[in-house]
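Working notes, beginning with the structure itself.
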Amino acid sequence: MPTSQPWGHGNITRSKAEDLLSKAARDGSFLIRDSESIQGAYALCVLHQNLVYTYRILPNEDKKLSVQASEGVPIRFFSGLPELVEAYYNPNMGLITHLQYPVQKEEEVEEETDTNQLPPQLPPRNFASNDIKDAEAKTAEQLSKSLPDTMLTRLQQLDTSTIPEEHQVAIQDYFRTALSLDIEQIQSGHLDLPGLKKLTTTICKNLNSEISRILPALEVFHRSLDQQHAPGMCDGPKHMSSDSTSQSLHLRLEHLTKLLYSIEDKARSSIFESLGQEGGHRKSLIPIVTFEVKQESLGISTKMILKVDVEGGKLYLKKSKDGPDDKFFVHSKILQLVKSQKEHIKLILETEKEKILRKEFVFENTKKREGFCQLLQQMKNKHSQKPEPDMITVFVGTWNMGNAGPPHNISTWFQCKGQGKTRDDTADHIPHDIYVIGSQEDPLSEREWSDTVKRVLRNITNLSFKQVAIHTLWNIRIVVLAKPEHENRISHIFSDSVKTGIANTLGNKGAVGVSFMFNGTSFGFVNSHLTSGSEKKLRRNQNYTTILRFLNLGDKKLNPFDITHQFTHLFWLGDLNYRVELPTTEAEYIVTKIKQQQYNDLLGKDQLNMARNDGKVFLHFDEEEITFPPTYRFERDTRDKYAYTKAKATGTKYNLPSWCDRILRKSYPLAHVVSHAYGCTTDIMTSDHSPVFGSFEVGVASQFVSKQDPNSAPEGGIQIMNCVALLLTKSRTKFLVEYHSSCLEKTVKTPEGENMEHSEGSIKVFFRNQIELTPIISDPEYLLDQHILISVKSTDSYESYGEGCVALRAAQGCYTEFFITLTHHGEKTGTFTGGIQLHTSEGKPTEKLYDFIKIEKDDTAKGKGSDQNKSITQAHDISNPNYMGVLYQKGNMVDKGWSYLPKKGGHDVGTRIPSGKVLNPVGEVEKSSEMFDNPLYGSMAKSQVRNRDQDHMQPPALQEPAVEAERPPVPTPRNRSYTCSESKPQPPTPIAAHHSTHKKPVVPSRSEGAMLHGRPPLPTKSRPGMAEALAPKPRDYRDNLELPVKRLPARPAQSSAHRDGQPEVPKRSIL
């Protein structure tokens, strides 16, 4: 595109084009941008009566351009865009109005070049002027005289008594004579330094000959360990030539080092195979770990020793550390671990033999309890009979290395040790399944850095990790390593990079990414280094959008979706460079707050947090709570002092201590992911940044093979109906919906929707047809792990106006109303509501490994007909506020972009929930008392509890007037609903005073059916003499199977509509 033309805007987004035209505010204003749906095509955007009309400009086989305008208008072809624009200045060309006023591009202030980040440039070899030649010759002559003298002076000031005399003479001769020759070589554009090479060869003569002497012996030994080598194939070892000029010394040393590593690996592999271990891979051996705990029984506390033997698959209970084992439990007999939510150091152990007499243990601290849980989970996983894992652990690390090599020992980074949320020492030997390491300002080569990381992991875990991928853009790099046992489970590996430096052409800033499939689950990882400087936050926001749009990863069939929708789990890490936005005069105040560990005061001024709250970047991403100090900018070789001033040619530059290095994530709705660690190291000090680590427990799906006969198994189905899209756009066009998923036989498109004017700047579209989607497999074990991607597209330009995702697990067993926030290129573009119902074949999903650990919920409410032994909820680390199973707390609610409302009484095509209350746009009820927690995934939503995040996500323009009051309510029982929201742990506000001393164990499952496992109920525990709860707790009806419901008169048409199974067409619908 000729961007030099005032109307040529290149690859700006559709929403940006609409904003520019709206600001122009004159009929006939226009611009041309690149098409988002067809490569090589363009979009002509025209403003008329405050609405934007978009026309596609398509090239033909001869590269002639034509406009898709109104029907009946002859198609004209043009050789270029200027000719086309000139023609459409004339009226009656098929456009809504003729072109009149080209919209100018907005000027962007480019960042200054950081010369330290630019690649080295060679001096020019050809000169245009004799004067320049003479001046350059004089400069070279002066340099060749001054530099040798300087070097000789420095040498004389150093202690050379330990250096052999011949080496001293060689160095002095180099400075006196050969250095000048090397300077001349550089000035003429040649990078070879013959003088320096001669010096190093002289000094390393003995080392070079020694390498030549020992290499043949090592290579023979290496070949003898190689199982693929057949006798007689080679007469003798092929080793490197002893001629010192044949190869440089560093290559010979590198070869020697790699050869020694290879010998060690092959020798160990041979030993393991001789012992009969599978595959010849080195296996991680987790030592026996002991925990000192207190066992509580009948109100009496007794000291106990718990000994975990992961390799043997047993848990031993002892009364003293050196005493005999009282008893042990085999891994298969340990059914459940239940964490106490009230006391973060208490854990309940449920075994097959003693389900009634549960064992309660009190640990030294929360980290010890977490380490014990991880060891038992590792033990269950190691001895599981499942052919494929349903849960893996992922390490994510980011480090700006500051153009300095790493220290010898960086193991604490991979062991998640330091400050913040860290792992306990007892988990040191538990390896992660996947390691993802992002580095910025990395001075090493790909091989050097990869070998360094592998060496560290080998020392920690005793495993030789396999490299999945490595990708580098200048000094930005990402490395992905996996356990050897997962090598055949990883496929569809893609990598890419995006430059965001000056004019998006320099790679000193930008991003690298890697994506792959782990069995049936897709992963994406992005390592980015964004624009530096406290005042350049807007530029950083633009960097984020650019990376989001142009990083090409994942399944190519999902081109309508950016990377935030393409992967089940997306992790974004790197030096994001967002700063603490305080005046430079507050530098000492910031340092004081850091020393006092009062991070919240500073995090409130964190630019990334503020931008996320405003919905400008990382929409619907999660970040674990930050409990570690700022990771930038330290003085090197210490972590005790921040160097927040930097002298530059333009003056003193301030770099206030900030959390520049971050790890964020985004997963599909109802996908399992838990953060176990998020912090920074304290002992790696070669850079002015500290490395940051994160540890995640992630649910994965297998490459499913149904056990059912495909000929006899009933065909499954997914019904989607009553869909309404509210789009934030001024475009005048028609829309359709596309449904994508790997579980579908094909992509499904809906008929054209019915537009309805909503308000200025938005349009409501009704899709009244019921859509039937056919899955390739109807087994619930497979379908409940799947998701449907939704894209709302225009029918004219076929460009996406918003994308979202729906989890099939939400529709298990009943019709479910859903609400999702539509986004496009990281911006909110509207909302999409509807209903979904899932039909599967018969079968019960197996229990997942991550359901092994639960959370006990203190439930003091006893309602009429309640069952105290069925208080069940999805549970995991209660210290993790991002996990979906955490109970609702009032506080800083964060919109997740989706919510679900199951309706087990049958689906209703209207806009009321069974209680007759009206749903507002986020799927909440007008009165909070009508909304209840979902026991599996959600948190109780309350329409009164909203912060600025939700206010931003739901502007007043999107609110719909209440439905007509004369419509009778639906007489169906009250049902649970669940929305995804987050909250920082804060004391809950009591709603009703229902006192009880009973606590009920929370035993979650992924489905309603799994809630009743046929296990004997866990007993309640009551201690005589205990006072009643001081703080009244809200009554929780989630465990009540007979909820009190006001019986309301039924509307006449409902029963027949539900009997026929066909939805009614709503008269009016709200989002």
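The values are calculated or read from the model by the stated rules, or taken from the named source; none is laboratory data. Note that the structure is a prediction, hence the values are computed from the model and not measured. Quick reminder, even Gly has a Cβ in these numbers, built from the backbone with ideal geometry, and neighbours come from all protein chains shown. In case anyone asks, the SASA skips ligands and DNA or RNA and just uses the protein heavy atoms, side chains included. Shrake-Rupley method; radii C 1.70, N 1.55, O 1.52, S 1.80 Å.
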Evaluation of Lys454 against (1) open to solvent by 40 Å² or more (accessible area, probe 1.4 Å); (2) part of a loop (DSSP other than H, G, I, E, B) (one fails), failing number
(2)
Do we have any residue at all in region 512-521 that's in contact with a strand residue (DSSP E or B) (Cβ under 9 Å, 6 or more places away or on another chain) and in a loop (DSSP other than H, G, I, E, B)?
yes
Looking for whichever is in contact with a strand residue (DSSP E or B) (Cβ under 7 Å, 6 or more places away or on another chain), at pLDDT 95 or above, farther than 21 Å from Ile763 by Cα and of a type in the set (A, V, I, L, M) here; the options are Leu99, Leu58. Which one fits?
Leu99
Residues (farther than 16 Å from Tyr89 by Cβ, touching a residue at least 40 places away in the same chain (Cβ under 8 Å) and touching a Leu at 6+ places or on another chain (Cβ under 9 Å)) located in region 31-42
Ser35, Ile38, Tyr42
Which one of the conditions (1) assigned to a loop (DSSP other than H, G, I, E, B); (2) surrounded by fewer than 21 Cβ atoms within 10 Å (Cβ to Cβ); (3) in contact with a Phe, Trp or Tyr (Cβ under 8 Å, 6 or more places away or on another chain) does Leu444 fail to meet, given that it meets all the rest?
(3)
Of those in region 569-616 that are β-branched (Val, Ile, Thr) and touching a Phe, Trp or Tyr at 6+ places or on another chain (Cβ under 9 Å), the residue modelled with the lowest pLDDT is Thr584
Being assigned to a strand (DSSP E or B) and out of contact with any helix residue (DSSP H, G or I) (no Cβ under 9 Å at 6 or more places or on another chain) is the filter here, so list the residues in region 761-779 that pass it.
Ile763, Lys764, Val765, Phe766, Phe767, Ile771, Glu772, Leu773
Every residue in region 644-669 that is at pLDDT below 95 and either buried (at least 22 other Cβ atoms within 10 Å of the Cβ) or part of a loop (DSSP other than H, G, I, E, B) (or both), please.
Tyr644, Ala649, Thr650, Asn655
Could you list all residues from region 350-376 that are of a type in the set (Asp, Glu) and either modelled with pLDDT of 90 or more or crowded, with 16+ Cβ neighbours inside 10 Å (or both)?
Glu350, Glu360, Glu364, Glu370
Mind checking whether some residue in region 416-438 is more than 30 Å from Ile305 (Cβ to Cβ), open to solvent by 10 Å² or more (accessible area, probe 1.4 Å) and at pLDDT below 95?
no
Here is a list of conditions, (1) surrounded by fewer than 23 Cβ atoms within 10 Å (Cβ to Cβ); (2) over 25 Å from Arg633 (Cβ atoms); (3) within 24 Å of the chain's Cα centre (by Cα); (4) of a type outside the set (Lys, Arg), and Ile392 meets all of them except one; can you say which number that is?
(1)
Quick one: in region 339-349, which of the residues that are open to solvent by 10 Å² or more (accessible area, probe 1.4 Å) and either touching a strand residue (DSSP E or B) at 6+ places or on another chain (Cβ under 7 Å) or at positive phi (or both) is modelled with the highest pLDDT?
Ile345
Would you check which residues across region 192-206 are open to solvent by 80 Å² or more (accessible area, probe 1.4 Å) and within 20 Å of Leu256 (Cβ to Cβ) and list them?
Lys197, Lys205, Asn206
Select from region 588-620 the residues that are acidic (Asp, Glu) and part of a helix (DSSP H, G or I) and list them in ascending order.
Glu588, Asp601
Six or more apart or on different chains, Cβ atoms under 6 Å: show the pairs whose first residue is in region 652-675 and small (Gly, Ala, Ser) and whose second is in a strand (DSSP E or B).
Ser658/Val580; Ser658/Tyr632; Ser667/His569; Ser667/Val673; Ser675/Phe696
Yes or no: region 366-381 includes at least one residue that is in contact with a Leu (Cβ under 7 Å, 6 or more places away or on another chain) and over 14 Å from Val308 (Cβ atoms).
no
Would you call Arg489 open to solvent by 10 Å² or more (accessible area, probe 1.4 Å), under 29 Å from Thr846 (Cα atoms), of a type outside the set (A, V, I, L, M) and touching a residue at least 40 places away in the same chain (Cβ under 8 Å)?
yes
Return yes or no: is Val617 farther than 22 Å from Ala404 by Cβ and surrounded by fewer than 19 Cβ atoms within 10 Å (Cβ to Cβ)?
no
Could you list, in sequence order, the residues of region 790-812 that are touching a helix residue (DSSP H, G or I) at 6+ places or on another chain (Cβ under 7 Å) and open to solvent by 10 Å² or more (accessible area, probe 1.4 Å)?
Cys805
Please enumerate the residues belonging to region 585-614 that are over 27 Å from Phe696 (Cα atoms), open to solvent by 70 Å² or more (accessible area, probe 1.4 Å) and not charged (D, E, K, R).
Thr585, Tyr589, Gln596
Modelled with pLDDT of 80 or more, part of a helix (DSSP H, G or I) and open to solvent by less than 60 Å² (accessible area, probe 1.4 Å), is that true of Leu152?
yes
Complete set of residues in region 324-338 that are open to solvent by 10 Å² or more (accessible area, probe 1.4 Å) and touching a residue at least 12 places away in the same chain (Cβ under 8 Å)
Asp325, Phe328, Phe329, Val330, His331, Ser332, Lys333, Leu335
Residue count, region 33-44 (criterion: within 35 Å of the chain's Cα centre (by Cα) and either closer than 19 Å to Thr795 by Cβ or among the basic types (Lys, Arg) (or both))
8
Residues that are surrounded by fewer than 16 Cβ atoms within 10 Å (Cβ to Cβ) and closer than 18 Å to Thr351 by Cα, drawn from region 301-311:
none
Which pairs do you get when a residue that is more than 13 Å from Thr564 (Cα to Cα) and without any contact (Cβ under 8 Å) to a residue 60 or more places away in the chain, found in region 530-552, comes within reach of a residue that is open to solvent by less than 40 Å² (accessible area, probe 1.4 Å) and of a type in the set (Lys, Arg), reach meaning Cβ atoms under 9 angstrom, with the pair 6+ apart or on two chains?
Leu530/Lys509; Leu530/Arg539; Leu530/Arg540; Glu535/Arg579; Asn543/Lys509
Residues of region 730-769 being under 30 Å from Lys556 (Cβ atoms), surrounded by 17 or more Cβ atoms within 10 Å (Cβ to Cβ), in contact (Cβ under 8 Å) with a residue 60 or more places away in the chain and more than 29 Å from the chain's Cα centre (by Cα), which ones?
Ser731, Thr733, Phe735, Phe767
